[in-house]
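The values are calculated or read from the model by the stated rules, or taken from the named source; none is laboratory data. The structure presented is a predicted model; accordingly, all values stated were derived computationally and were not measured. Quick note on the areas: whole protein, heavy atoms, side chains included, nothing else; ligands and nucleic acids left out. Shrake-Rupley method; radii C 1.70, N 1.55, O 1.52, S 1.80 Å.
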Amino acid sequence: MAKTGTKENPVVIRVQTQERATELLSLSESRGWKVIIGIESDKTEDISDIERLLNPPEPVKNDITLGRNDSCSCGSGKKYKHCCLN
């Protein structure tokens with residue numbers, strides 16, 4: 001799948017006014033993002049794609065570390081040093 005904000009996968013946003021559309025278009029152009037903007041005054045604003053690009057989610061970090069003499073996490077019942085360490 002193409003990265004969001006590219007020609008293959010543009011950002012899709014919905015705003016209520018022309019002024020807001022112009023504001024978001026200038027923001028997107030300054031960052032090189034491709035966008036499709038719809039102006040619909042009777043619906044709620046949806047700029048979730050822009051927010052996701054501005055604040056990308058943090059990757060999940062695994063804080064659990066295995067010591068050499070701990071049981072292996074693969075479920076073999078062996079110590080880690082004799083199983084998956086190598």
- Checked segment 2-24 for anything within 20 Å of the chain's Cα centre (by Cα) and either assigned to a helix (DSSP H, G or I) or farther than 16 Å from Leu53 by Cα (or both); matches are Leu24
- Task: Please specify each residue of segment 67-83 satisfying the condition of being open to solvent by 70 Å² or more (accessible area, probe 1.4 Å), modelled with pLDDT under 85 and of a type outside the set (Gly, Ala, Ser).
- Result: Arg68, Cys74
- Query: Hey, among Asp63, Asp49, which residue is open to solvent by less than 70 Å² (accessible area, probe 1.4 Å) and acidic (Asp, Glu)?
  - Reply: Asp49
- Query: Quick check, is Arg20 open to solvent by 70 Å² or more (accessible area, probe 1.4 Å) and of a type in the set (D, E, K, R)?
  - Reply: no
